[in-house]
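This report concerns only the one structure given below.
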There are 2 protein chains.
Amino acid sequence: MREKLRLGVLASGSGTDLQSIIDACAGGKINCIVACVISDRKNAHCLERARAHGIPAHFVDPKCGDGSRKQKDAHEKEIHELLGEHGVKLVVGAGYMRILSPRFVEAWNGSIINIHPSVLPAFGGADGQGDAIEYGVRIAGCTTHFMDESVDGGPVILQAAVKVKRGDDRASLAERILQVEHQILPRTIDLYEQGRLQIEGRKVQIAPKDDSWLSRYPVIEGVLYPEDY
Amino acid sequence: MREKLRLGVLASGSGTDLQSIIDACAGGKINCIVACVISDRKNAHCLERARAHGIPAHFVDPKCGDGSRKQKDAHEKEIHELLGEHGVKLVVGAGYMRILSPRFVEAWNGSIINIHPSVLPAFGGADGQGDAIEYGVRIAGCTTHFMDESVDGGPVILQAAVKVKRGDDRASLAERILQVEHQILPRTIDLYEQGRLQIEGRKVQIAPKDDSWLSRYPVIEGVLYPEDY
């Protein structure tokens, strides 16, 4: 058995994406361990979640002691050092609401992924679900991608699509998208851990392997799954 | 029975989308008649298709007799007059590769729709399928929308998503998207004919009715359908 891949998860919110990773690790679905969780919000529930599972959880304050805004470089340096101290090999953005600098992303080049709640390149930015509702699309979804210096523009790894239903608002759509986020995010980490992701230019090639990954997840009706991968 | 809705189809290519409309009319799936087909290309196969079904087919030359480029206004005036002569009530862009002027679109405001081979707002423009392949997305598809003065930016009516599979190129993806185009385009016309589409701002509300439209079309495996509509 390969050594478990050490993940560092960056999150700002309640941490349901984080939970899907923790569950996938605990259930043996992926050969990984969450080495640490880092948040830019002191009271973010993701930190509590991590601690409840015995995972080191760090709040890295984006502000200085006197309340002034910390230099982005200084803030990211703290994060970078923490990731190093925990022996992290793959950084996972899981609802981290702060844009990472090109310098930080470059330092983790090819070893930093993100999940975004839209079928990119549509609706990048801070509110993929709300923007989809505003636009009036009938198909929404989520995307995992390698992070690069662009915002939400890095090479796509997996995507899944869900229907926007009559009467949906941002909350009901976001909830439906979250359900598939919790599937494609661990699956993406799985593919990475297996060494099956190859970045070629701005595209990701996924090496084939017949392992019917979906058998390990509950099937949600009415979802378009990337089962080929 | 309501009088059949008279459709004017604009097309530039082989006319497979047109064929899906003709078939839906002939099969009684939609209460419509294709009153005329207009193309900007003299030898476009869509014109032959129309004639083979006894549908008036018009080539409207975008160039003058001397080979110089005709004024856009003059070209569109000819099209507009032909549509009027044929008593057209709904104009359908079905692979028409010329951008219509705001003046033309305004004249048909709310009575002109288009089909585009991407899940808009991603990959608007002339090559939705090729751009999707280039970007490296895992989910592609098609969109029907009301046309407005923007290019591919009008209110969305229906969308369907298909998977991009390992090894897909532009041709294989375009073929897979076409299959669903041939379902959502007639269905969109159907909804229009039933008076169930309501434009509200930049969104389209679709009035509910339980008529299981998909029972009238072959089900294609692995497609995310807008069956709610």
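Every number in this text was worked out from the coordinates using simple rules, so none of it is lab data. Predicted, not measured: the structure shown is a model, and the values here were computed from it. Cβ atoms come from the backbone with ideal geometry, glycine included; neighbour counts cover every protein chain shown.
Its residues counted as N, the range A:1-52 yields a C-alpha radius of gyration over 2.2 N^0.38 Å of 1.13. Working note: Karplus 6.51/-1.76/1.60 with θ = phi - 60° gives the range B:111-116 the couplings 10, 9, 10, 9, 10, 10 Hz, where Gly and Pro are set to x.
Could you point to the residue in B:Leu90, B:Val151, B:Ile33 farthest towards the positive end of the range B:31-154's charge dipole, with +1 and -1 charges on the Cβ of Lys/Arg and Asp/Glu respectively? Working it through, the farthest residue towards the positive pole turns out to be B:Ile33. Under 24 Å of direct C-alpha separation, and excluding same-chain neighbours fewer than eight residues apart, B:Lys63 reaches these lysines: B:Lys42, B:Lys72, B:Lys77. Springs between Cα atoms under 10 Å define the GNM used for chain B, and in it the highest mean-square fluctuation of B:Pro62, B:Pro155, B:Pro208 occurs at B:Pro208.
Across the range A:1-108, the relative contact order, built from alpha-carbon pairs under 8 Å that are at least six residues apart, equals 35 percent.
Counting only aspartates and glutamates at least 8 places from A:Lys165 when in the same chain, those with an alpha carbon closer than 13 Å to its own are A:Glu175, B:Glu227, B:Asp228. At 18 Å minimum axial length over the Cα atoms and a Kyte-Doolittle cut of -1.0, report the qualifying DSSP H helices in chain B, or say none. Sorted by number, the helices that extend far enough and score high enough are B:170-193. Charge tally for A:Gly84 (other residues, Cβ to Cβ under 12 Å; Lys, Arg +1; Asp, Glu -1): 0.
Once the gyration tensor of the Cα atoms in chain A is diagonalised, the equivalent ellipsoid follows with semi-axes of 26, 22, 17 Å, ordered largest first. Based on alpha-carbon atoms, the Kirkwood radius and the radius of gyration of the protein assembly as shown give Rg/Rh equal to 1.05.
Rg/Rh, computed from the Cα trace of the range A:1-108 with Rh as the Kirkwood radius, has the value 0.97. For the range A:35-143, trypsin sites (Lys or Arg not before Pro) meeting the loop criterion (DSSP other than H, G, I, E, B) and having at most 14 other Cβ atoms within 10 Å: A:Lys42. Restricting the calculation to Cα atoms, every distinct pair contributes to the Kirkwood radius of the range A:77-168, found to be 14.1 Å. Antiparallel DSSP bridges in the range A:1-108: what percent, to the nearest 5? For the range A:1-108, the DSSP antiparallel bridge percentage is about 5.
Based on Cα contacts under 8 Å between residues 6+ apart, chain A shows a relative contact order of 18 percent. DSSP bridge analysis restricted to chain A gives an antiparallel fraction near 50%, rounded to the nearest 5. Considering only A:Ala26, A:Ala52, A:Ala160, the Gaussian network model of chain A with Cα springs below 10 Å gives its largest mean-square fluctuation to A:Ala52. Under 5 Å between amide hydrogens, built in the peptide plane, is the criterion, and for B:Met97 it picks out B:Ser12 among residues at least 5 positions away or on other chains.
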